[in-house]
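Before any comments, here is the structure.
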Amino acid sequence: MALVGTNRGVNSNGTAATSITIVPGTNFTAGSFAVLAVAYDNAGGGGSDPYVSITDTAGNVWTSRANALNDPAAASAGSVLRIFTSTVTTLTTGTTITISLNASTTAKAWSLTEFTSDNINGRPEFVTSAVAT
């Protein structure tokens, strides 16, 4: 199986807000696999992860696959890394992905990647086991 990864956008933002807004730089292929990696301040209470939800204007379903919190016990003194995936129905430059937060964060950065393959489904499979993902 050939697997191809294509960068669909990267960006960062230093403006305080309770959401992170992401727009793909180029269009995705229908049925492909989207991977979104986002890093932001640990601005929640006592330095916790302020993540609430993720949605997009095209109605794709996003799943949080991993989250790592660097928490030195003070808000915005550390960082959070989250990785989301979605099997794409439609994801274009006209789609807005919104990550909602319960606290205002200032530092934010993200990378959006499309993965396609030549398997029968036209997209990579995401396999989960008790020991690894």
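State the percentage of accessible surface on the chain attributable to carbon and sulfur atoms; use a 1.4 Å probe and exclude ligands, DNA and RNA.
Numbers: 3520 of 6630 Å².
Ligands and nucleic acids excluded, carbon and sulfur give 53 percent.
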Along region 10-23, Karplus-curve 3J(HN,Hα) (6.51, -1.76, 1.60; θ = phi - 60°) to the nearest Hz, with x for Gly and Pro, reads 9, 6, 9, 8, x, 9, 4, 6, 9, 8, 10, 10, 10, 10
The chain - accessible surface per residue (Å², probe 1.4 Å): 50 Å²
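How would you rank 63-74, 98-109, 11-22, highest first, on the average number of other Cβ atoms within 10 Å across their residues?
Details: 63-74: 12.4, 98-109: 17.8, 11-22: 14.2.
Taking the mean over residues of other Cβ atoms within 10 Å, the ranking is 98-109, 11-22, 63-74.
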Inter-probe distance in nm under a simple model that places probes 7 Å from Cα toward Cβ, at Ala2 and Asn27: 2.2 nm
Label-point separation, Thr96 to Ser53 (7 Å along Cα→Cβ), nm: 1.6 nm
Using only alpha carbon pairs under 8 Å that are at least six residues apart, calculate the relative contact order of region 12-81 and give it in whole percent. 34 percent
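Considering Cα pairs under 8 angstrom that are at least six residues apart, work out the relative contact order of the chain and quote it in whole percent. Intermediate results must be reported in sequence, preceding the final value.
On the way: 341 pairs, mean separation 56.2, N = 133.
For the chain, the relative contact order is 42 percent.
The values are calculated or read from the model by the stated rules, or taken from the named source; none is laboratory data. None of the values given here were measured: they were computed from a predicted structure. Virtual Cβ from ideal backbone geometry, glycine too; neighbours counted across all protein chains shown. Accessible surface is based on the protein model in full, side chains and every heavy atom, while ligands, DNA and RNA are left aside. Shrake-Rupley method; radii C 1.70, N 1.55, O 1.52, S 1.80 Å.
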